[in-house]
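Before any comments, here is the structure.
The values are calculated or read from the model by the stated rules, or taken from the named source; none is laboratory data. These numbers were taken from a predicted model, which means no experiment stands behind them. FYI the Cβ positions are ideal-geometry reconstructions off the backbone, even for glycines, and counts take in every protein chain you see.
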Amino acid sequence: MYWPNASLFIFAVFFASVFADLVFEDGFGRPHSHPLVNGEFVATAKRVSRPLTNRELLAAGLPPRSPKFLQDAVVKRVASARASPVAYGAELAPRQVPSVTPPEIPSVGLITVKNTANVPLGFVSSDLTDNGTFEISSGVTSSAFFDFPIQSGFVDIAVEDQAYPYIGIAIGGRGDTFGPGNAAYGFLAPVSKSSQEASGNTIGTPGESTIWQIDPFSLGLSAFFRAPGGDVPLTIVNDLTSGDLLLVGDVTAFQQAFPRESIQVVTFTLLGF
């Protein structure tokens, strides 16, 4: 008997089975965290890892970096001062710490991506990879614009001009048990609004949007996976192999699970625009 929806059913079963376990293996049986094409890895995004140039920093309204010779001089002077504090008049009296007023959280702006040395690498891009994930852009014109909530606690950050209205996590191929010793990871992608696992994102797996906390002083963003057993901190990484951004519960466990992939730990900071 002919079943008119047979092909649709087969596709739905295939789609569900694929995204139930997003661990992809190539022809040699080696695991990958991203989809393969004909059994081979294909990079789907630009691989940005260099710091922004001074021209790019100025175009984004960020301060330029000091010349290297000046940076080296400062490092040497600080080292000398620590070696001989009396000669430089340092540490002779306790310093008065001025009161600090938190900066105003911008209502609209960009998300700056920095390396662990706090050097800007670029911005979260408005262009998605072929897999529907966010990547890094080096220019303001190709960066995504976000609406930042002015409140404390966990927040949703809306992204403009995407199929799904928020930036968040879509579960990857190692489940959702994030934390020490587990290689669970998620794709940074446009998602539906939710403070718990829910459908509706560009990947097709369960996702969450209410994962962000904003530091009122540094305007830095921290990500957490919201689970019934407790909120688990996530590390933001730039996948240099695939060229997109991921959220990882345990960086070491992720690297052990995917030894052929190169990643770079990064941080997010709000930038009003």
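The set of residues from the stretch 104-163 being surrounded by fewer than 19 Cβ atoms within 10 Å (Cβ to Cβ) and of a type in the set (Gly, Ala, Ser) comprises SER107, ALA117, SER126, GLY139, SER142, SER152, GLY153, ALA158, ALA163. The set of residues in the stretch 82-103 that are at pLDDT 60 or above and surrounded by 10 or more Cβ atoms within 10 Å (Cβ to Cβ) comprises PRO102, PRO103.
Give ASP215, ASP244 a once-over and let me know the one that is assigned by TED's automatic domain parsing to the domain that holds GLU160, acidic (Asp, Glu) and surrounded by fewer than 17 Cβ atoms within 10 Å (Cβ to Cβ).
Answer to the selection: ASP215.
Conditions (1) touching a Leu at 6+ places or on another chain (Cβ under 9 Å); (2) among the small types (Gly, Ala, Ser); (3) part of a loop (DSSP other than H, G, I, E, B), marked per residue:
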position	(1), (2), (3)
LEU188	yes, no, no
SER222	yes, yes, no
LEU234	yes, no, no
SER242	no, yes, yes
LEU246	yes, no, no
GLN264	yes, no, no
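Only residues that are outside any loop (DSSP other than H, G, I, E, B) and within 30 Å of GLU25 (Cα to Cα) were counted across the stretch 140-186, and they come to 7. The one condition from (1) modelled with pLDDT of 95 or more; (2) crowded, with 24+ Cβ neighbours inside 10 Å that GLY181 does not meet is (2). The residue that is surrounded by the fewest Cβ atoms within 10 Å (Cβ to Cβ), counting only those in the stretch 195-207 that are out of contact with any Pro (no Cβ under 6 Å at 6 or more places or on another chain) and under 17 Å from GLU160 (Cα atoms), is GLY200.
Might you let me know whether the stretch 143-150 holds any residue that is touching a strand residue (DSSP E or B) at 6+ places or on another chain (Cβ under 7 Å) and hydroxyl-bearing (Ser, Thr, Tyr)? Taking every residue of the stretch 143-150 in turn, at least one turns out to be touching a strand residue (DSSP E or B) at 6+ places or on another chain (Cβ under 7 Å) and hydroxyl-bearing (Ser, Thr, Tyr).
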